[in-house]
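To start, the structure under review is shown below, and the notes come after it.
Every number in this text was worked out from the coordinates using simple rules, so none of it is lab data. These numbers come from a predicted model, not from an experiment. Note that we place each Cβ from the backbone using ideal geometry, even for glycine, and neighbour counts take in every protein chain shown.
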Amino acid sequence: MRPLGRLTRLVRGSAGFSRLAALGGALLPLLVIGPVCYLTFVHRAVEQDDALIYLRYVRNFLADKGLVYNEGSFYNGLTSPLHTYLLIVVSSLVRDLQRASTLLSGAFLGLAALTFSQVFRRQVGVPFVLFSALLMVCSRYFYATFGMETTVFIFLIGTCLYLFERNRTRELGIACALLVLTRPEGVFLLVAMAIEHHRQGRPLPRLGEFVPPALIIAANCLFNLVYYGAVLPGTSAAKIYFGMSGYWGEWPTAFLRVGYHFTWYFLSSHFLFFIELFLAVVGMISLRSKSLNVVTISFLALYTAFYVLLNIPNHPWYYGPYYAIGFFWAGAGAQWLWGRLSGVSIRSLRVAGATVGVLLLALVLGRNFEITRRMNAWNDRHVPYHDIGLWIRDNTPRDASLAAVEIGTLGWFSERPIIDILGLVSPLNARFVADREMGRWLQHYTPDYVLAHDPPWQLETGICDAAANGYLVEHPTFTYPGYRLFVRGDLVGR
């Protein structure tokens, strides 16, 4: 039998494919775990600025100071409750909190890849599912989000899809509750599955199956209300306020500004970007109206509409669902193209096409792996904030407060009370951002020190005004290029 014909028959579902599928299914976890473990180790020093906000909450909690960002201030800036609880568990076992955060993200990236593999195996052959899973764990994107809730969110999306496809409604309800506790936007997957549930004419779940998820959500809401005084975290409103401000892009363009992905995650490689995009589009079309496709497309449409219509900023970790689903669409696209290739009557063309196809897929994986391995050295930490935070820790009083527009790395390393000008962990300020009143926060907070960029960002105009009228004075011994540190005028000389 001709080699290409043999492999084509396997992919199309012959008896031999059952043996290949069994072997591939057994080896798939091992083939995925290797790259995940290595690349997670490579990224062990990642310092995602917003992730360090989570970690400071956890550090304070483990130090018996409460689940708070600033000691004594019970303001809920935790967008993802479940991610926070998981961080607490892992951090209590691993002494280094930053390593614990990386370990958690890496573990859930591996689990997410394996879960999505199980979801798509009903539609896509094992060799192409393996390609998708490896593409997912070799892609730079997910490692750049380490420390955030992204990989937990993606794992739970995959889990919900897996349970929905198998009509396991009791477990699905619990998974959906956990998904919403990871990120509230998970509710759009619930809506997409509910629509498909109705379209298929499935019976409604029994009333008792709603009880466990309802209790999970209610328990978290009750905790928030009792502990923080509000059911929802302040960050839920903050990102909506950011969209209203227009600082990240005029409506409705903020979320659509994704050009940086091409540079950050594809290293400006047109080859990688267009090959992966082409395969994903072909795969999505090839799956047509299959249930899985209907749910995923509906989910992404609702998810996109939410972010675009509210003009929410284009933070990298919001794009996880597009990458995860897109990578597995790419596997489906590769399978569809392979099937078309098998229909070519000229043997030499089939062999040449198969050879080129296999080499291209291998090159895509290898190039992604190399970019991810190399990019860590460039993007694993915000070096200026890291060093500035340490400088502030060593050169200011322990009780001195610091205000800034980006607080994660600064707050982690400075170990000082932080005033967040944008309002993620400081009440009121997010509303001022929405109203574009960037100096109003100074009417409610009296920082001892204020860090600004040089030249100042648009979000820092209030700092410039305060410096112009003498309320803030530039620190004489702070000399980091691109930044200016101000001290409150009445503290000068003390």
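At 222 nm, what helix-only mean residue ellipticity would the chain give, in deg cm²/dmol to the nearest 500, using -39500 (n - 2.57) for each DSSP H run of four or more?
Numbers: 21 runs with 312 residues, N = 494.
Mean residue ellipticity at 222 nm (helix-derived): -20500 deg cm²/dmol.
Each of M148, M284, M136 was scored by other Cβ atoms within 10 Å of its Cβ. Arranged with the fewest first, they read M284, M148, M136. Contact order, relative form, for region 3-379: 22 percent (alpha carbon pairs under 8 Å, 6 or more residues apart, mean separation divided by residue count). Among residues other than L189 with Cβ under 14 Å from its Cβ, the summed charge is -2 (Lys and Arg +1, Asp and Glu -1).
For region 36-104, the list of trypsin sites (Lys or Arg not before Pro) that fall in a loop by DSSP and count at most 12 other C-beta atoms within 10 angstrom reads R95. Across region 271-420, Cα pairs under 8 Å and at least six residues apart give a relative contact order of 22 percent.
Each label point was placed 7 Å from the Cα along the Cα-to-Cβ direction; for H444 and N469 their separation is 1.8 nm.
Can you compute the FRET efficiency between R374 and R99 using 1/(1 + (r/R0)^6), with r the Cβ-Cβ distance and R0 = 30 Å? Round to the nearest 0.05. The computed FRET efficiency comes out at 0.90.
Report the extension gain between Q200 and L390 in nm, rounded to one decimal, defined as 0.36 nm multiplied by the number of residues separating them, less their alpha carbon distance.
Numbers: separation 190, 0.36 × 190 = 68.40 nm, distance 5.82 nm.
Between Q200 and L390, full extension yields an extra 62.6 nm.
With neighbours defined as other Cβ atoms within 10 Å of a residue's Cβ, the residues R393, R350, R183 order from fewest to most as R393, R350, R183.
For the chain, excluding the exposed loop sites themselves (GluC sites (Glu not before Pro), DSSP loop, at most 12 other Cβ atoms within 10 Å), the longest remaining stretch covers 251-494. For region 405-490, the list of trypsin sites (Lys or Arg not before Pro) that fall in a loop by DSSP and count at most 15 other C-beta atoms within 10 angstrom reads R436.
Select from region 142-248 those trypsin sites (Lys or Arg not before Pro) which occupy a DSSP coil region and have at most 13 other Cβ atoms within 10 Å, ordered by residue number.
Sparse-neighbourhood loop trypsin sites (Lys or Arg not before Pro): R166, R168, R206.
Applying 1/(1 + (r/R0)^6) with r as the Cβ-Cβ distance of L363 and Y38 and R0 = 25 angstrom yields a FRET efficiency of 0.85. Comparing Cα centroids, region 223-294 and region 150-187 end up 18 angstrom apart. For region 122-190, rounded, prolate or oblate, judged on the Cα gyration tensor with a ≥ b ≥ c (square roots of eigenvalues), a/c < 1.5 rounded, else prolate if a/b > b/c? Oblate, since a/c reaches 1.5 and b/c is not below a/b.
Within the shell of other residues whose beta carbon sits under 15 angstrom from the beta carbon of A403, the net charge comes to -3, with Lys and Arg scored +1 and Asp and Glu -1.
Between the beta carbons of R347 and F273, assuming R0 = 41 Å, the FRET efficiency works out to 0.80 to the nearest 0.05. In this rough spin-label picture, where each label sits 7 Å from Cα along the Cβ direction, the L309-T263 distance is 3.3 nm. Here each label is just a point 7 Å from Cα along the line to Cβ, and for E250 and R170 those points are 5.6 nm apart.
For region 383-491, what relative contact order do you get, as a whole percent, if you take Cα pairs closer than 8 Å and at least 6 residues apart?
Reported as a whole number, the value is 22 percent.
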